[in-house]
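*Asks:* Okay, handing you the structure first.
The values are calculated or read from the model by the stated rules, or taken from the named source; none is laboratory data. Note that the structure is predicted; figures quoted are calculated from it, not measured. Cβ: placed from backbone, ideal geometry, glycine included. Neighbour counts: every protein chain shown.
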Amino acid sequence: MATVYCCRECGTNLNLHGGHLFPPDFYFEAGNKNTLSFSSVDSSKFRFEKEDKIRPFFETVNYWGIQRKRTKIKCNSCGKLVGYITTMGRR
């Protein structure tokens, strides 16, 4: 039986498929500790909000970044924050 991923707040099915799930040991420079990472999502289930912050942040093991660009992903039904899309690459 397939896993069903739902919003914790309202219980809406987010239509995320395990076939698009990255392996748990897959390393992203942006960090992926205790998170699930998907290669694609059903955009009709989410709201996307661009975020551009200028401040120091830990980017990689050897580098501190100054500008962070990412997109907040929120449940389309209730608006609860589900996760982020980052512009930083993966290894």
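*Asks:* Can you tell me which residue in segment 1-25 is farthest from CYS75 (Cα to Cα), limited to those that are among the hydroxyl-bearing types (Ser, Thr, Tyr) and surrounded by 11 or more Cβ atoms within 10 Å (Cβ to Cβ)?
*Replies:* Per the stated criteria, the residue is TYR5.
*Asks:* Let me ask something else. Take the residues in segment 1-55 that are in a loop (DSSP other than H, G, I, E, B) and touching a His at 6+ places or on another chain (Cβ under 6 Å), then tell me which one is modelled with the lowest pLDDT.
*Replies:* Per the criteria, the residue is SER39.
*Asks:* I need every pair where a residue in segment 32-55 that is more than 11 Å from ASN15 (Cβ to Cβ) and small (Gly, Ala, Ser) has its Cβ under 9 Å from the Cβ of a residue that is in a strand (DSSP E or B) and modelled with pLDDT under 80, sequence separation at least 6 or different chains.
*Replies:* Cβ pairs passing all conditions: SER37/PHE28; SER37/ARG90.
*Asks:* Within segment 56-75, can you find the residues that are modelled with pLDDT of 85 or more and over 22 Å from CYS7 (Cβ atoms)?
*Replies:* Hits for segment 56-75: nothing passes.
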